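Here is the structure we will look at.
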Amino acid sequence: MNEKIDPVRKTDAEALELTRKLLDEAKYASLAVNDTGSEFPLVSRVAACHSIKTGLFFAASDLSIHSKCLVKDNKCSLMLGEPGKGDGLAYARITFVGETSRMKNNNKQRALYRQVFLQTHPKAELYIDFGDFGFYPITLLRGLLNGGFGKAYHLDESDLENLFG
């Protein structure tokens, strides 16, 4: 009998700890958006960071194609995790799925996001206050954690609540 085995494990404390580690180490992420011009997926690299007070967010210029796409369709996913030596697929990574929109530059929370962002990306001091640069907080809907070969987990809303409070 060929029973199909579900490769996705039950999310446990170990999976959440690995997710926290990936979040803490992340400086950059792959951002996937719907390219509203071609209707094909579009992936870009963005500077990302998080904190308990801000949640997960990234910064981008209004001049970028991914920012223009997000104005028309705010659905996105953000993948964190960098490969090391050897087989890149053996390294952990997580994809967060959610929705985002650009925070207005006059938002009262901008100063907090700026402070958190510059702690992770100090060289961004050169451009972060340009008028076309903004922060994109993500409303997370779910997470897909790949902890390496044979270690797949789906993070639901309660798992995300444990991560971000």
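Here's the yes/no breakdown for (1) aliphatic (A, V, I, L, M); (2) out of contact with any helix residue (DSSP H, G or I) (no Cβ under 6 Å at 6 or more places or on another chain):
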| position | (1), (2) |
| --- | --- |
| Pro7 | no, yes |
| Arg20 | no, yes |
| Ala29 | yes, yes |
| Val33 | yes, no |
| Glu39 | no, yes |
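Please specify each residue of the stretch 35-68 satisfying the condition of being buried (at least 18 other Cβ atoms within 10 Å of the Cβ) and in contact with a Cys (Cβ under 9 Å, 6 or more places away or on another chain). Answer for the stretch 35-68, where residues must be buried (at least 18 other Cβ atoms within 10 Å of the Cβ) and in contact with a Cys (Cβ under 9 Å, 6 or more places away or on another chain): Leu56, Phe57, Phe58, Ala59, His66.
When Ser67 is tested against the conditions (1) among the hydroxyl-bearing types (Ser, Thr, Tyr); (2) in a loop (DSSP other than H, G, I, E, B); (3) in contact with a Gly (Cβ under 9 Å, 6 or more places away or on another chain), the lone failure is (2). Of the candidates Lys72, Lys4, Lys108, the single residue that is modelled with pLDDT under 95, of a type in the set (D, E, K, R) and farther than 21 Å from Gly143 by Cα is Lys4. The residues of the stretch 110-165 that are within 22 Å of His66 (Cβ to Cβ) and in a helix (DSSP H, G or I), listed by number, are Arg110, Tyr113, Arg114, Val116, Phe117, Leu118, Thr120, Lys123, Ala124, Leu126. The C-beta contact set for the stretch 100-116 (first residue of a type outside the set (Lys, Arg), second residue part of a helix (DSSP H, G or I) and surrounded by 14 or more Cβ atoms within 10 Å (Cβ to Cβ), distance under 9 angstrom, 6+ apart or interchain) comprises Thr100/Leu70; Ser101/Leu70; Met103/Arg110; Met103/Tyr113; Asn107/Tyr113.
Per the conditions (1) more than 23 Å from Leu16 (Cα to Cα); (2) surrounded by 14 or more Cβ atoms within 10 Å (Cβ to Cβ), the sole criterion not satisfied by Lys85 is (2). Counting just the residues of the stretch 1-34 that are among the β-branched types (Val, Ile, Thr) and part of a loop (DSSP other than H, G, I, E, B), which one comes out surrounded by the most Cβ atoms within 10 Å (Cβ to Cβ)? Result: Thr11.
Looking only at the stretch 137-158, which residues are within 18 Å of His50 (Cα to Cα) and either of a type in the set (A, V, I, L, M) or modelled with pLDDT of 95 or more (or both)? Once the filter is applied, which keeps residues that are within 18 Å of His50 (Cα to Cα) and either of a type in the set (A, V, I, L, M) or modelled with pLDDT of 95 or more (or both), the stretch 137-158 yields Pro137, Ile138, Thr139, Leu140, Leu141, Arg142, Gly143, Leu144, Leu145, Leu155. With the structure loaded, tell me whether Gly86 is at pLDDT below 95 and not in a helix (DSSP H, G or I) or whether it fails that test. Yes.
The values are calculated or read from the model by the stated rules, or taken from the named source; none is laboratory data. What you see is a predicted model; the values in this text were computed from it and never measured. Neighbour counts run over all protein chains shown; Cβ positions are idealised from the backbone, glycine included.
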